[in-house]
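This report refers to the structure that appears directly beneath it.
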Amino acid sequence: MIVIVIVIAPLILLFSSLLPSSLLLAFEVTHQIRPGSVFETTALNSACSTITGTIFASRCNPALFAYSKDSEQKITISMVGKAEGDSIDNGRDLIFKPITEDTIRRLLQERNFNTFSFNGEILFRNKFFELSYSPYYLLADLYIFNPAFLEVSIHLVSLEILRVTHGRKILTFSPSNTFNLSSGVSLYYYKHSYENTIISLYDLSYKKAVDLITFKTLYGTSADIGLFLDNDNKYIPSLSAQVKNLNNKVKEGKENANSKSSLYQSTLFLFDTYSTIAIGKGVNTIIGGFNVDLEFPFDEFYRELRKKYITFGSKYSLTLFSLFFSISKYYKSIGLRFDSSNFNIGVLYAREKDMGDLQPKPEQSIYLGIDIIL
């Protein structure tokens, strides 16, 4: 945390931006890497809550725990993060490296949005439950605006999560085809440290740089709840419904949502409570298995459908090889993963607009995912 504060704050004197001050307002930011993400969920942009039979199926929907790939007791170490992108070098340097003259010159030549995200975790799984610990989910977003009077919107997160997940089939009925209804719940404890603020050039005239960023920490418990309705008819799709981040107290940027004098970043589908409905289907053939999923996200408890974030995800699997594809208005990605009994590695190319319509053109990024199965 100290490194983030010391490194980022002095840069405020050095940035410029394109957004006129008259257009300042709160804006929403989301990411492909969300808390609890693995490579699969990132590659599918979380459009996977009807895709069964994978090691990380319960990451997409806790109700899919009943369809886990195997019931053997295993430990998995999983990591996913941006490996390269239009702004990843800047975001990474802001957090981890000392500032040099070359760094400053490069930052002045780049666009006015820099971002970095990463998730890593250790997972223990058996046939009864899944226990995971994520020591850190890292997120850093900087948006520089108002060239007439330099201002920077800064959003930094370090999140620690301990999670337990269980799911089971609760109902089977057979009118003409067999239908199976399963449910699942994922309970987790979190420590959420963040800073979400606006800093201006004027602030530096009477404050020390290190005092401009003050991290706040929230502790709490939250839950994801899911349902999944499957069937044995190849023509009838499967359905799922979920509520994510129930009871989560993180409201970053929401208190500034009506501000017209400052541009705050308000997170979307990351820490806030939201819900989804999905429709999908999986088909196995002699040349591999195909899965498709169409995800409809809603604010809070099915309050408002976010049409711009409707996402289609598709996965093709052939023995130890998988191909992923996802598309929505702001995210388009294609990736592949090679598996073995003890090691998985995946790479993903994405064109993404984390800031939605406010971002004039998509960022091109490369994601890398690694799983070590013990």
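The values are calculated or read from the model by the stated rules, or taken from the named source; none is laboratory data. Predicted, not measured: the structure shown is a model, and the values here were computed from it. Neighbour counts run over all protein chains shown; Cβ positions are idealised from the backbone, glycine included.
A few remarks follow.
- Residue ID - modelled with the lowest pLDDT, chosen from residues in region 258-290 that are among the hydrophobic types (A, V, I, L, M, F, W, C) and in a loop (DSSP other than H, G, I, E, B): Leu263
- Boolean, Leu305 is free of Cβ contacts under 8 Å to residues at least 60 places away in the same chain, touching a Phe, Trp or Tyr at 6+ places or on another chain (Cβ under 7 Å) and surrounded by fewer than 17 Cβ atoms within 10 Å (Cβ to Cβ): yes
- Any hit, region 312-323, residues being in a loop (DSSP other than H, G, I, E, B), within 21 Å of Ser238 (Cα to Cα) and at pLDDT 95 or above: no
- Residue check, Glu160 modelled with pLDDT of 95 or more, of a type in the set (Asp, Glu), in a strand (DSSP E or B) and surrounded by 15 or more Cβ atoms within 10 Å (Cβ to Cβ): yes
- Pairs with Cβ under 6 Å, 6+ apart, first in region 124-140 and of a type in the set (S, T, N, Q), second not in a strand (DSSP E or B): Asn126/Gln73
- Residue within region 324-340 that is farther than 25 Å from Leu270 by Cα, touching a helix residue (DSSP H, G or I) at 6+ places or on another chain (Cβ under 8 Å) and in contact (Cβ under 8 Å) with a residue 12 or more places away in the chain present: no
- All of (1) assigned to a strand (DSSP E or B); (2) surrounded by 16 or more Cβ atoms within 10 Å (Cβ to Cβ) hold for Ile372 with one exception: (2).
- Subset of region 42-70 that is more than 30 Å from Phe145 (Cβ to Cβ), among the polar types (S, T, N, Q) and buried (at least 24 other Cβ atoms within 10 Å of the Cβ) - its residue that is modelled with the lowest pLDDT: Ser58
- Filtered by the rule that a residue be of a type in the set (A, V, I, L, M) and modelled with pLDDT under 90, region 231-257 gives Val250, Ala257.
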